[in-house]
Structure formats: C-alpha cells, structure tokens
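Below: one structure, written as structure tokens.
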Amino acid sequence: MGKCIVVTSGKGGVGKTTTSANLGGGLASLGKSVLLADVDIGLRNLDIILGLEKRIVYDVMDVMEGRCKIQQAIVKDKRISSLYLLAASQIHDKSDLAELIDRFGEIIKGLKNQFDYVILDSPAGIEQGFMAASNFADEAIVVTTPEVTAVRDADRVIGLLEAKGIKDHYLVLNRYRYAMVKSGNMLDVEDVLHILGIQLLGIVPEDPEIITFANKGELIVTSDITNAGKAFQRISRRLMGEKVDFPSFEEEKGLLKKIKDFLRLG
Amino acid sequence: MDKNRRFRLVGSKGALRLVIEQRSSLSDIINYVKIFFESNKRFFEGTKVVFEIQPLCDLETSFIEQLKLKLAKFEEIESFKFEDLDLTDKGVKNVESIDDKICFDKMPTKYIYKSLRSGQKVDFKGNVIILGDVNPGSKISAGGSVIVLGSLKGVVQAGILDASSIVFALDFDPVQLQIGGFFELSTDDSKDLNDNVVAYYKDNKINIESWKGRKFLIGE
C-alpha cells in the first residue's frame, strides 16, 4: 500500500505545482513508482510543467463521471519511466469535484494500491479544492516562501490539516534567497520554523533555472548542476526517510561566493 | 474603546456590570449591549450571565424600568441585579477600583497543550492557559485571565466576565488586546518589553509591564 501525500500552501504562487512535479520526479528517479494527481480543477498546470500537455486525453473528472477507466486517464512521463500523471479537468470547476468527493476518495484508495506514492497537487486557497485534496491524504507537504504573507497562510493551512487529523506534515521553504537573508531583508529558516513549528523537509533556493525548465516542460530535479535541482533531489531522499544534511550557506552560494571571496582576498 | 463613553459594560466576578456614568438615551444603551453580545456570540452560546445595572448618575425609576424591560429581551441575560447606589463617595469608589488582586480560582481553567494557529479560535468562560504559541491570525476569548507560555501574537479578549483578569505571555506582542471590554491596539513603536509581560486593567486603562513575580498577584 502506497502513501498519499498532499502538497499544499494556502497562498498561491509559492511553488506547489513545481514542488509536486519535482518531488514526484525525484522519488521516481530513486526507483519508486509515483503518481502525480492534479487536483487544481479548472486551472490545471501540472501537465504543462511535466511537458505532457499534448498527451492528455482523459482527466480525473472523466474518471469520476465514468467516461473512462482510471488506467486510460493515467499518462506516463516521457523521461522517467516510473512517473505517471493524472491530469485535472480544465472545463470543470472545484464544486464539481466537491459533489463527487466520495468517488474521488475511492479513486485515491485504488491508486494507493498501485503506486508507492500518490502526490496530490492541491489548489491555492482553503476551500473545496484544498478540502478534497487533503481529505484523503496520509501526509502533507506545506510549501511556503520566506514572506510573512505566505507564512501566515501556511500557518492557517497547518491548523486545518491538524484538524483533519493529518499529523505528519513537512515544510518545504521555497524561493529562499541567501543573500537577502544575510542582509536581514528576508525571514530566515529559523524565523519561519519558529512560527510554523513543523519539521523542515528542505530549502529550495531561488533559481531562475526553474522557470527555464518549466517552460521547456522538463523537471529541474533531473539536473545535477542547478541549485534548485540538487535541493529537490535532497528533499526527495529525505522524504524516503534518508538522513541528508542541510547544506550550509557557503555550499549553496557556490561559485559566486567563491569568486567574491577570491576578490576580497585579492 | 471610547473613553468618553457615558456608559460601558465591565465584567466583574462572573457578572456583567452596566455602568452608566451619565444619563444617555435608552436606544444608545440598548444598541451598545446588543453589539456587545453579538460580537461575543460564540462566547455566550448556551450560557447566561447575571446583569448588573449600576448608575453613577441620577436616573428616574421609569427610565430604569424601561431599560430593564428592553434588556430582558436578550437571551444571554439570566437575571438582573440593580444596585441603587446612593452617590456617596464610597459607592463611586467601589465601581472604579476593581479588585487589585486577580482571582484565578473564581473560574474554571482550560489548558491547551498546543499552539494556536492562524484562523483558530478559543472561546472559554474561564481562564485559559496555553502551553504553546498564539500565532498571528488566531483569537482567544476568555471570561477570565489568559496565560501564554510561548509567544502571543494573535488577538486576545480577556476578562469578559471579570475585568480584574490579567494577560500574561513569555513573548508579548498581541495584535489586539482587550481586558474587560477595554481595548489596547499594538502600535508599531511597541515598547521594548517583550519578554515575560503582564497586562491588566486598572485606573481606567490597560497597563502593560514586565512581570515582577507573585507580588503582583497577591497585591502585596
């Protein structure tokens, strides 16, 4: 029996879909079978990030309303052989999902028997879409950025997850800028952890490469040279229970830091 | 709260006390009471309070009778007490100087063994002790005192039924603080005392100072 993990945040635009996709890619690269399910009915994005847009024939609403079998709606990733996608419907909205919530639960249960990990990409907000996504999850990953607004919303979401009985929740701190933290213009990890008080799964540094990869429909987790890619690889390993150290400032800043240090010495 | 208000509601020893300082119109008073109950709807759900009317000015008997009749319509009110103070100095003093000592044992206490997160709310008719943080966006409504063994960054409404209640926090930075119906909003240039701070209502205002030990509690 696999695990169902919901990726959520409360606030929009903090990187839920990117995290879901790359975490899925990371786990699949480590040999696990992973299904990524997009629960953002009406605003689907996950297929685009994965570059599978053109391969989608059926979506989750088609399965729920009985127009196709679940196996017909699952699309295999182009590059990673054990990664699969169940797309959201673009022509429906969240209330359609809420009406068929029991059926959605059955589908998730079925999928958990087939895959090691079922990752649900939750929509922003705390309404129907979030409720549906978090209803059937065993664990939750809360994504936030080091901004007070995002942290506040994450706090609200964690409260709601706890109320739903999801005790295992982890934090992914996205778009972290070491330089800004160092100059005191951004909340640092400690600040965020102090407010949220949950286990840190990983820190993803701000990396323009994420946009480049998303636009190409590729996963940054497959790249060993980008900072964000390496961060997602570490996060995936930690999620599988491996103990992976958190890299220090210097390591993360990489080449730029080395050049600066060199100049200063020179 | 409007300091020039001619009447106000103060919680005291488990009862609500309507203090009328100057003669005002009946509808104004009723409106004020109505808003008070409405804004604390969940708090008063299923419970009733003793309502005291305490005029500090000359009021005709007919006015008071009318007031009582109108107030009787509030289902939150269980019974009335009318304190007819002959305006001797003793009587007036009695209203203004609400007990120096906090009386923790007059009310039940609720313990909360977790942090309150944004959007979460606690309503309790007695004291509330939280072994955790009160995060921004959360709210506590308590009949008595509120003690936070962690950081207090949410909204606190304490002493609804007892204005002698206190609010204490290890890290004190509430968005809004209310004791016995009196407001205190946090300002940007908050005072430097952030650790181990106690807030209480005395001399017509909310006092916020660092905790100096048990002496305060027993009024030594």
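Only protein heavy atoms count here; on that basis, with a 1.4 Å probe, A:R237 has an accessible area of about 80 Å². Total buried accessible area between A and B, probe 1.4 Å, nearest 100: 800 Å². The per residue volume of the convex hull around the alpha-carbon atoms of the stretch A:193-254 is 111 Å³. Contact-buried residues of the stretch A:190-223, at a threshold of 30 Å² lost accessible area versus the chain by itself: A:H194, A:I195 (1.4 Å probe; DNA, RNA and ligands ignored). Loop-located GluC sites (Glu not before Pro) in the stretch A:1-109 (DSSP state not H, G, I, E or B) with no more than 12 neighbouring Cβ atoms inside 10 Å do not occur.
Annotation: peptides B:64-73, B:110-119, ranked by per-residue average of other Cβ atoms within 10 Å with the highest first, follow the order B:110-119, B:64-73. For peptide B:171-182, the mean count of partner chain Cβ atoms within 10 Å of a residue's Cβ comes to 0.
One quarter of the surface of the convex hull around the alpha-carbon atoms of the stretch A:7-74 equals 5.1 nm², the direction-averaged projected area. Remark: mean inter-chain Cβ contacts per residue of A:145-157 equal 3, using a 10 Å Cβ-Cβ cutoff to other protein chain atoms. Rolled with a 1.4 Å probe across the full set of protein chains, the surface gives B:F183 an accessible area near 90 Å².
Kirkwood radius and radius of gyration were both taken over the C-alpha atoms of the stretch B:7-82, and their ratio Rg/Rh is 0.93. The order of A:V189, A:V204 by accessible area, most exposed first and with a 1.4 Å probe, is A:V189, A:V204. The per residue volume of the convex hull around the alpha-carbon atoms of the protein assembly as shown is 188 Å³. Computed over the alpha-carbon pairs of the stretch A:29-178, the distance histogram in 5 Å steps reads 2, 9, 18, 21, 21, 16, 10, 3, 1, 0 percent, short to long. Residues in chain A average 46 Å² of solvent-accessible surface per residue, probe 1.4 Å, ligands and nucleic acids excluded. Of the solvent-accessible surface of the stretch A:1-130, computed with a 1.4 Å probe over protein heavy atoms with every protein chain present, carbon and sulfur atoms account for 47 percent. Ranking B:K34, A:K16 by solvent-accessible area of protein heavy atoms (1.4 Å probe, all protein chains present), from largest to smallest, gives B:K34, A:K16. Between the beta carbons of B:K73 and A:E127, assuming R0 = 41 Å, the FRET efficiency works out to 0.65 to the nearest 0.05. With a threshold of 18 Å on the Cα-Cα distance, the over-threshold entries among A:K11/A:K167; B:K48/B:K106; A:K16/A:K164 are A:K11/A:K167; A:K16/A:K164.
Mean separation of Cα pairs under 8 Å and 6 or more residues apart, divided by the residue count, gives chain A a relative contact order of 25 percent.
Rolling a 1.4 Å probe over the protein chains gives A:D138 an accessible area of about 60 Å². Helical runs assigned H by DSSP (4 residues or longer) give chain A a calculated mean residue ellipticity at 222 nm of -13500 deg cm²/dmol, each run adding -39500 (n - 2.57) before division by the residue total. Per-residue shielding of B:112-124, expressed as the average number of other chain Cβ atoms within 10 Å of the residue Cβ, stands at 4.
The values are calculated or read from the model by the stated rules, or taken from the named source; none is laboratory data. For clarity, every value in this text was computed on a predicted model and none was experimentally measured. Cβ coordinates were reconstructed from backbone atoms using ideal geometry, including for glycine residues, and neighbour counts include every protein chain displayed. The accessibility values were calculated without ligands, DNA or RNA, using every heavy atom of the protein model including side chains. Shrake-Rupley method; radii C 1.70, N 1.55, O 1.52, S 1.80 Å.
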